[in-house]
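Read the structure below first, then the notes.
The values are calculated or read from the model by the stated rules, or taken from the named source; none is laboratory data. Predicted, not measured: the structure shown is a model, and the values here were computed from it. Positions of Cβ are backbone-derived with ideal geometry, glycine not excepted, and every protein chain shown enters the neighbour counts.
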Amino acid sequence: MLKVGVDSYSLKPLDLSPFEVLEWAVLNGAEGVQFSEVNVPPGTAVGRTFLEELRSFAAQNGLYVEWGGGEHIPLDLATGRPKDIADGNRKAAEQAAALGASTVRSCSGGLMRWQKAGPATEELLRLAAGALRGQKSMLRSNGVILAIETHFEFTSFELLRLFEMCEAAPGEWLGVCLDTMNLLTMLEDPVLAADRLLPWIVTTHIKDGGLKIDPDGFVSFTAEAGRGVIDLAAIIESLGAVHPRLNLTVEDHGGDFGMPVADPDFLAGFPDLTVPELVRLLGLGARTQALLAEGHLAVLPRDRWALVCEARVRRDIRAVKRIAGRTGE
């Protein structure tokens, strides 16, 4: 059975401590928590005692716990200067091991292709591979897989190249946190991209979305689970067939992201985008336009997330359970 949980980032406006996030999960039908971030009071150390208490609380309530804090781009994204990520990844891996978690989510947090002055994708791949290869033994000794999120720096094609450059195999020390909506923002059909990455997926951010068409290209945005145009049912079915113990972690937030594909320079940054996949994206765009026109879908501004997050995340959890075949819940 695929458990359905929540990512702590979804509840950020509530300003909850890790224990309060777990309590929220218990009270609202979530079966676990992925801690993308850890909100602790000033002066509180996230040390072994803290982690063991968190692990015990989760176990007593039948919750899974997944951990974050990993990095895979060895650059300070604000300055572009080199950054040593080994110590941070070691710390995150040791924390995950203390929690009994087998994965550490890694997220760059950057918008690389939207910044023309930034490093080229091939350079980012080279830097990431160089930094990660030396961390293989550390990750394996902690029993942890570094789960690189499908975010805004690498497409599924490029992640596969990164794993090849690192001489990694599925299930060893590198993997993927599949964010279903971010795939749209990287000009990928979510079902096709999930299939490409399927053997590598170890954690998830299950998130629905839409894809508007505008004069500059596309605009992707988040949507309540089951109300957008991402075929979550097909993705979850594939995940369950290959990874029957995988957790489906709901992540949701407001906001939208413009992809100026009418700009030849921007589009050239996606050399793996094929005409058939672009046609599928156009189809998702047409469906989105129809839902917007009918009033069944709307863009939620990021600054309005705090007003709706708790109720919407509850609905997300119930919807993902239904989509996963968890009827009657």
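Just so you know, in the stretch 141-163 the residues that are closer than 18 Å to Pro271 by Cβ and assigned to a helix (DSSP H, G or I) include one that is farthest from the chain's Cα centre (by Cα), and it is Arg161. For the residues Glu37, Glu20, Glu31, the requirement of being surrounded by fewer than 18 Cβ atoms within 10 Å (Cβ to Cβ) and in contact (Cβ under 8 Å) with a residue 12 or more places away in the chain singles out Glu37. The set of residues from the stretch 273-299 being closer than 14 Å to Val261 by Cα, outside any helix (DSSP H, G or I) and either touching a Phe, Trp or Tyr at 6+ places or on another chain (Cβ under 7 Å) or free of Cβ contacts under 8 Å to residues at least 24 places away in the same chain (or both) comprises just one member, Thr274.
Pairs linking a residue in the stretch 98-121 that is on the phi > 0 side of the Ramachandran plot to a residue that is part of a helix (DSSP H, G or I) and surrounded by fewer than 17 Cβ atoms within 10 Å (Cβ to Cβ), with Cβ atoms under 9 Å and 6 or more positions apart or on different chains, are Gly100/Arg55; Gly100/Ala59.
Scanning the stretch 122-165 for residues that are small (Gly, Ala, Ser) and free of Cβ contacts under 8 Å to residues at least 24 places away in the same chain yields Ser137, Ser141.
If the condition is being more than 21 Å from Trp67 (Cα to Cα), of a type in the set (A, V, I, L, M) and assigned to a helix (DSSP H, G or I), then the stretch 117-140 contributes Leu124, Leu125, Leu127, Ala129.
The sole residue among Phe257, Phe266 that is crowded, with 17+ Cβ neighbours inside 10 Å and not in a helix (DSSP H, G or I) is Phe257. Among residues of the stretch 32-61 being hydroxyl-bearing (Ser, Thr, Tyr) and over 24 Å from the mean Cα position of the chain (by Cα), the one that is farthest from Val4 (Cα to Cα) is Thr44. The criterion of being touching a residue at least 60 places away in the same chain (Cβ under 8 Å), within 20 Å of the chain's Cα centre (by Cα), within 15 Å of Leu184 (Cα to Cα) and not in a strand (DSSP E or B) holds for Val229. Taking the criterion of being under 17 Å from Thr121 (Cβ atoms) and either touching a Ser or Thr at 6+ places or on another chain (Cβ under 8 Å) or in a strand (DSSP E or B) (or both), the residues of the stretch 67-81 that qualify are His72, Ile73, Leu75, Leu77. So, Val250, is that one closer than 20 Å to Cys177 by Cα, exposed (fewer than 15 other Cβ atoms within 10 Å of the Cβ) and within 20 Å of the chain's Cα centre (by Cα) or not? No: the conditions fail for Val250.
Restricting the search to the stretch 35-66, which residues are assigned to a helix (DSSP H, G or I) and out of contact with any helix residue (DSSP H, G or I) (no Cβ under 9 Å at 6 or more places or on another chain)? Within the stretch 35-66, Thr49, Ser56, Ala59, Gln60 meet the criteria.
Is it true that some residue in the stretch 104-115 is at pLDDT 95 or above, more than 21 Å from Ser238 (Cβ to Cβ) and in a helix (DSSP H, G or I)? For the stretch 104-115, residues at pLDDT 95 or above, more than 21 Å from Ser238 (Cβ to Cβ) and in a helix (DSSP H, G or I): absent.
Taken together, Asp15, Asp7 contain a single residue that is among the charged types (D, E, K, R), touching a residue at least 12 places away in the same chain (Cβ under 8 Å) and surrounded by fewer than 20 Cβ atoms within 10 Å (Cβ to Cβ), which is Asp15. When you scan the stretch 44-65, do you find a residue that is at pLDDT below 95, acidic (Asp, Glu) and within 17 Å of Ala93 (Cα to Cα), even just one? Checked against the condition, which is being at pLDDT below 95, acidic (Asp, Glu) and within 17 Å of Ala93 (Cα to Cα), the stretch 44-65 yields no hits at all. Suppose we keep only residues that are among the aliphatic types (A, V, I, L, M) and out of contact with any strand residue (DSSP E or B) (no Cβ under 9 Å at 6 or more places or on another chain) within the stretch 74-96. Which one would you say is modelled with the highest pLDDT? Of everything passing the filter in the stretch 74-96, Ala86 is modelled with the highest pLDDT.
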